[in-house]
Structures are given as structure tokens and as C-alpha cells.
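Right, one structure below, let's go through it.
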Amino acid sequence: MATLQLKQVVKEFGDARVIKGVDLEVHDREFVVFVGPSGCGKSTLLRMIAGLESTSSGDIVIDGERINEVAPADRGLAMVFQSYALYPHMTVEDNMGFSLRLAGVAKAQRREKVLAAARILQLEPLLDRKPKALSGGQRQRVAIGRAIVRNPSIFLFDEPLSNLDAALRVKMRIELARLHDELDATMIYVTHDQIEAMTMADKIVVLQNGLVEQVGSPMELYHHPRNLFVAGFIGSPKMNFLEVRVIGAGPDGVTIELPSGATCEVPVAGEGLAAGSTLTLGIRPEHLYESEQAVVEGEIVVIERLGGETCLYLQAGDDSMTVVTDGDVAHRVHDKVSLAFEPRRAHLFDAEGDALPSLHRHPLAAMKRGENRASSSPTPDDQ
Amino acid sequence: MTMLASKRLWLAVLAWGITLVMFFPIFWMFLTGFKTEAAAVATPSLFFSPTLESYMAVLERTDYLKFAINSVIMAFGSTALALLIAVPCAYSMAFLPTPRTKGTLLWMLSTKMLPPVGVLMPIYLIFRDTGLLDSQLGLVIVYTLMNLPIVVWMLYTFFKDLPKDILEAGRMDGAGTSQEIIYLLLPLTLPGIASTGLLAIILSWNEAFWSLNLTSYDAAPLTAFIASFSSPEGLFWAKLSAASTMAIAPILVFGWLSQKQLVRGLTFGAVK
Ligand SMILES: Nc1ncnc2c1ncn2[C@@H]1O[C@H](COP(=O)(O)OP(=O)(O)OP(=O)(O)O)[C@@H](O)[C@H]1O
Ligand SMILES: [Mg+2]
């Protein structure tokens, strides 16, 4: 059992308020990802949970116990640093066993626990090496191994993959997800990479400027972003935004007029919106498709062919738009294309940037990464 | 290419020239120690029949070993004490800085600009009243305080180079402050600490002002030993040279053996 609650947590460095009152609930065995742009306070929040940074006000609660004043080592947490922070003068084995040595665990027992962790991470052949003699990916695994040996109730990761090359990053991402299943541990993971967040998280916490913008499952954030910031941050390529005019609003949605003159009814709650007021329409590049309907028309400025799919960058009047389409489209630069989208795929944001609530919940919005496994796999007793 | 080669040659010649000019007095002193008193004052010459006469005379008349032991005790004792005080001090300055840390460091270093003779009177009186005059402990204390600013400053720069993450990882692993220092900080900054210690030993060994003023016989180190030959017997060049050679020999050998360590610590960061 390991749950974590943050209650109105605040961090001030001198006069600068860096974390401005964060509330958060982390459930047992959840994989929670803090994501946000550089400088938004992700690391600071993680370090406050770890106890490496004091908390200016608010409560940090682990398993029902307030631990604001508890020393880092006594919180039952383990942290993996972005720089790995291995002890350069110790072998891999000593690195991994350092916490046990400090705790006065006998040598034989220490070795046994280190070996168990090394086996999980395929580190056995490296146990006698010093960190200097390891590759980046191996160092990363040692850092994770050092955390595993401590058998923590919660793992904390601060951008652990950002020093690895792209291929290794993908590999370690999968390995971490596997580890999460295998260890059945609660994990909190900091990244500025929204792909890491989408692929690994049960729950994503989007932070900006020291405040939580939205908390939810990856699919919830993707399909139901609460505001412009989250809509723009989650998803790649970025969501397209267009200024649109309200024509009317009813129980079935809001009817809008696009810059092209086309109209459509978006199924969001907007009753009481005055006709003529302006809203921001958000539509993801992958939800635009070519159509005679010509809801949006534009000229191709740049084409990026990725093989499996193709990104078209358009100039549509005053707006730049991105479209993700089939890998085999034959378009060339300066071709004119006309596009359409399904209204239920569109998002509308008011002048404050808040999303108008959608009238239909996406069926996957409540799904968690590990959930299908838990519900579908038979228990050993069944056999 | 030839331009470059000739430039290098000239630089080498220049460097050797300067080195020889600087080293010559010591070399000459070394030679003079092996001459008779008569040869020492005669027309300077590189060719003479060497003799241990002067060394014998010096060793016969004074207790060289006692002075040498005093020097060793005070140089190593004061350095150990200075490191013991400076390590926690530099640790807190490097890893728990306040807005005033930089200013404090500068202030500490600025105390080295005070001429020692300016505080001779108060220190002499304090030593007289506390019975520290002519005691090993007294000089150990003075040397410790004398070297402390430099030792703290150097350790601070070495500690600053250590990635903070490593100590934080240690704290997450359950290390208290003292364990952090013993298991992580000290082993990782050992080259830096060693070169700092070596420098402090050399500075203490060569110190003459305080040793001449605060000791007479019991606690007198080798600097006082040389001085005792210079004033009453200033004309006996050979004996003075022999005594000086014996006084600087230990530290020269020590410096020679540790030069690699010293240079490494002073030029590169501690952990690389
Ligand atoms: N010790 C400190 N003193 C003063 N300000 C700090 C300190 N540490 C962090 N900050 C400030 O707090 C803000 C958040 O920093 P933090 O390191 O948490 O950002 P981050 O979200 O982790 O960014 P990145 O993705 O670049 O790592 C930044 O504006 C930073 O300048
Ligand atoms: Mg960070």
C-alpha cells in the first residue's frame, strides 16, 4: 500500500513563489506523470515529495501520515535522478547496496538483495564495474536498480530518460512500464516529453507555472482537455486553433461559423452564448481529412513525409494549420487542399481559454493503462 | 613548421634559463655546505674537494633531530587540525550556502592581508599569560589559524565541483551529514583535499615569523634552527649552508614525492 496526497502545497524560494498551491491524489500502484514546460516546477514538486526541498506551506501525506518534517530516507521513497547521480568511486554492486550498508545490513544479505535487483534489470555481468565504465543506458539501469534495492513504497523519477538517445529512450520507456507491472509499485515520473507522459501514465498531471492545469488519464487529457494550454500541450503535432464566430447555441451544441464561411454544430454545452461572440475552435491535425465539403481550405507550405503518415503544413487565410494524413498522399508543395472534420472531434474554448464541456464523454477517457490487464487476466486459482 | 619548432626551442631555452637563475642560489648553498670554511669564502669555484666537516660541526653543536621533530609535529599537526575544522566549514559553505557565504569567504581570505607583525603584541601577551610560549601546542594553534582561510577556500572550490545530485542520492539512501561527508564527499574530493593538505604542510614548515617570535628552545622548529646559525655565526658560511640544506631537505624531498598530486589537485577539479 502506498498512497500520496498533496494538500495545498506551496514552495517559495525567497520572494519567488514556484509552486502555488497544488492538490493531488496518487493512488496505490498508480503510474503518475508530471508533465509541463521547462521551469513550471515539476522537479521542485518531486523534490518536495522526496524531502530534498522543504515545503513552505501545505501538507504532504503518505499512507495517511503527514511527512513534511520526515527526513528523506525515512519516507520510504527512492529517487532516480536525471544525471543518474551514481557514486563514481563505488562499483555497481556497492552503488546499489549503499542504502543497505548504511542501514547496517549484513554483507551476505546485502549481496542477495542486490543480485535480485540486478537480475530484474539484467545487470549481473556489470556488478564489478565502476560507473565510469558503463554506457548511458547501463548507468540508467543501475540508478533504477539502486532504487529497487531500497524496496520503496513510491518510486520518484526526474526526467530519467532525457540523457539517452531516441532509440534507447523508447526501449527504456517500455522497460519502465514493464517494471511498473512487475514491481506493482507506485511511481511518480517527471518529464517534459508529452509522448512519455501519454505512453506510460495511468494519470497525467499537467503543470504550468506552479499550478495544476489538469489531472486525468492520457485519453481523458487527449479527448477532453480542460483548457487551451492542455489542448496545445498534449498531442503531437500540436492541435490547430482557429477563431470562430458563434451563430447560435442550443441543447445539442453550439453552431459556429469558420473563417472559410462554413458552419457546423459542435456538441458542447454552450447554452446562453450570445450570437456573434468569438470562440477558439480546436481541432487535432489527425482529425482533419480531405473532403469536398471544404470546411477549411488552404495551400500546402511544407510537407513532411514520415513514411507511415504525412504531415501537411497549410496556410489557410491568416491561419497556419497542420494536417496528419495518409503516408501515400501524392500532394506537392503549393497544392490547394480542402478539408473537413467531424464536429464531435472539435473543441471550443471561450475567451478565458477554458473548454466548453463536451456533451459526450469519449468511451476511452476513463481507461487506465493497467486496467485491462487487471480485469482480463485470469487468477491462478481458475486453473 | 620550422617556425613553430624554433619558437618552441627558444621557449624551452628561456624556461630553463629562468629556472637555473632561480635555482642557482639554492644550488650554491648546497655546494657551500660541503666546503671548508676557508674554501667557502675563497674565490667562488665549482671545483673543490668536498668534505662533511660543516655537517659534523653543525650536528655536534645542536640537536638537529629535535628541531626536525618539532617541525614535523607542527606542520602535520596544524594541517590535520586545519583540515578537521575546514572540511565541515567548506561543506556547509558549498552545499548549504546563504546569501552571505561569498562575502564570508572573501572576508576570511582578506585576513591574510593583515601583516602578522601587527598582531604580534596581543598574541605574544596571550601566549605569555596562557603559558603557550615556546610550546608545540601554541605553534600548532597559530599555524592552524594562519592556514585556515586558504584551506577553507581551497576545499570550498573543490567541494563546489562535486555534483550536488550525488550527495542528494546519498541522503535518499539514508546517509546523515557525517556519513555523507565520510562515505561520499571525502573519497570523491580526496585529490583536492590531499593537495590542500600538502600546501598547508609546506606553508607551516616554511613559516619563520611566528616560530622565531614565539619559541626559544623547547618548541623551536627548523626555521629557528637556521636562524640560530645566522646571527652569531654569520660569517661561517659553510656551517650556515649545511644547516640550511638540512632544514629544507625534508620538505624538498616531500614536495618532490608529492608534486604530481599537488599539481593535479591545483590544476584540475577534484572529480573528473
Ligand atoms: N533553489 C532555487 N532557488 C530559486 N529558484 C529556484 C530554485 N530551484 C528552482 N527554482 C525556480 O523554480 C522554477 C521551477 O523549477 P523546476 O526545476 O522545478 O522546473 P522544471 O519544471 O523541473 O523545469 P525543467 O523541465 O527545465 O527541469 C524555475 O523557475 C526555477 O528557476
Ligand atoms: Mg526539472
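Below is a table of values for the structure above.
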read-out	value
Residue that is out of contact with any Phe, Trp or Tyr (no Cβ under 7 Å at 6 or more places or on another chain) and at pLDDT 95 or above, where the choices are B:Tyr183, B:Tyr217	B:Tyr183
Residue tally, condition within 18 Å of A:Met187 (Cβ to Cβ) and more than 9 Å from ligand 1 (Cβ to nearest atom), over region A:23-45	11
Which listed residue is touching a helix residue (DSSP H, G or I) at 6+ places or on another chain (Cβ under 6 Å) and within 14 Å of chain A (Cβ to nearest Cβ), from B:Gly176, B:Gly192	B:Gly192
Test: A:His224 is touching a residue at least 24 places away in the same chain (Cβ under 8 Å), closer than 30 Å to A:Thr199 by Cα and not β-branched (Val, Ile, Thr)	yes
Residue match in region A:188-196 (condition: surrounded by fewer than 16 Cβ atoms within 10 Å (Cβ to Cβ), within 16 Å of ligand 1 (Cβ to nearest atom) and outside any loop (DSSP other than H, G, I, E, B))	yes
Subset of region A:8-36 (residues that are part of a strand (DSSP E or B) and more than 21 Å from the chain's Cα centre (by Cα))	A:Gln8, A:Val10, A:Lys11, A:Glu12, A:Phe13, A:Ala16, A:Arg17
Pairs, first within 14 Å of chain B (Cβ to nearest Cβ) in region A:21-47, second near ligand 2 (Cβ under 9 Å from one of its atoms) and of a type in the set (A, V, I, L, M, F, W, C), C-beta under 9 Å, six or more apart	A:Ser43/A:Val190; A:Leu46/A:Val190
Per-region count, region B:132-173, residues assigned to a loop (DSSP other than H, G, I, E, B), over 17 Å from A:Leu52 (Cα atoms) and of a type in the set (D, E, K, R)	2
Criterion (away from ligand 1 (no atom under 16 Å from the Cβ) and more than 10 Å from every other protein chain (Cβ to nearest Cβ)) met by exactly one of A:Val142, A:Val149	A:Val142
In region A:78-96, residue surrounded by the most Cβ atoms within 10 Å (Cβ to Cβ) [restricted to those that are of a type in the set (A, V, I, L, M) and within 7 Å of chain B (Cβ to nearest Cβ)]	A:Met79
Some residue of region A:40-51 being away from ligand 2 (no atom under 16 Å from the Cβ) and in contact with a Pro (Cβ under 6 Å, 6 or more places away or on another chain)	yes
Any hit, region A:15-23, residues being surrounded by fewer than 14 Cβ atoms within 10 Å (Cβ to Cβ) and under 28 Å from A:Met219 (Cα atoms)	yes
Some residue of region A:54-69 being small (Gly, Ala, Ser), away from ligand 1 (no atom under 11 Å from the Cβ), at the interface with chain B (Cβ under 9 Å from one of its Cβ atoms) and assigned to a loop (DSSP other than H, G, I, E, B)	no
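The values are calculated or read from the model by the stated rules, or taken from the named source; none is laboratory data. Keep in mind that this is a model prediction, so the values were computed, not measured. Here Cβ is always computed from backbone atoms with ideal geometry, including for glycine, and neighbour counts include all displayed protein chains.
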